[in-house]
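This report refers to the structure that appears directly beneath it.
The values are calculated or read from the model by the stated rules, or taken from the named source; none is laboratory data. Keep in mind that what you see is a predicted model, and the values were worked out from it rather than measured. Don't worry about glycine lacking a Cβ; one is built from the backbone with ideal geometry, like all the others, and counts go over all protein chains shown.
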Amino acid sequence: MKPVRWLVLVVRVPASPSRHRVAVWRELRRVGALSLGQGTWAVPDVPGFADGVSRVRELAGRGGGEVVVLDAAGRAEEDGARLEALFTADREEEWAEFLADCGKFEAEIDKEIAHRKFTMAELEEEEQSLERLRRWHRDLKARDVFGAPRAAEAAERLERCTARLADYTEQVFEALHQM
């Protein structure tokens, strides 16, 4: 397998006002950049990260800062493997958080069924929650370029959430049509 190339971003943004530093940090986290230390981040050099790198540069520039982007590869095979492992560990944490939110979604559906809360308002709220999970899954999948182990479990869990909402939807419509 061909070694993965990386982009290393050296980010410098003035401390004041802090909103610019925070905006840059949020964008780096949003795109899934790996923090290597104070102001230094890495992303795999694949097309899916190009827009995020551009946004980071733009945000830093707005705050009077700069971003130096360097092409990088590990000198030894272990170096590249270590970056990939760190990057994948970050994705694993994100997948774990996603799975926890899927559990909350399913618990909410269970609660609504137990309380027989079969209203259109509640159904719309649950549909919005599922759509948020779908968007989150899509975003995580896009940046999980190395295929973290929990990605498959997350896809299955999202399908289960979708099925649970479909079942709840049927119960809501049955309840509304019995009135």
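The figures follow:
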item: Only listed residue being among the hydrophobic types (A, V, I, L, M, F, W, C), touching a His at 6+ places or on another chain (Cβ under 9 Å) and modelled with pLDDT of 95 or more, chosen from A114, A154; result: A154
item: Top-ranked residue of segment 147-172 - restricted to ones that are surrounded by fewer than 13 Cβ atoms within 10 Å (Cβ to Cβ) and more than 21 Å from A100 (Cβ to Cβ), ranked as nearest to the chain's Cα centre (by Cα); result: A166
item: Search result, residues across segment 37-71 that are free of Cβ contacts under 8 Å to residues at least 40 places away in the same chain and among the charged types (D, E, K, R); result: D51, R55, R57, E58
item: Residue in segment 59-77 that is at pLDDT 95 or above, part of a helix (DSSP H, G or I) and within 24 Å of the chain's Cα centre (by Cα) present; result: yes
item: Residue among V8, V22, V43 that is surrounded by 13 or more Cβ atoms within 10 Å (Cβ to Cβ), part of a helix (DSSP H, G or I), modelled with pLDDT of 95 or more and not polar (S, T, N, Q); result: V22
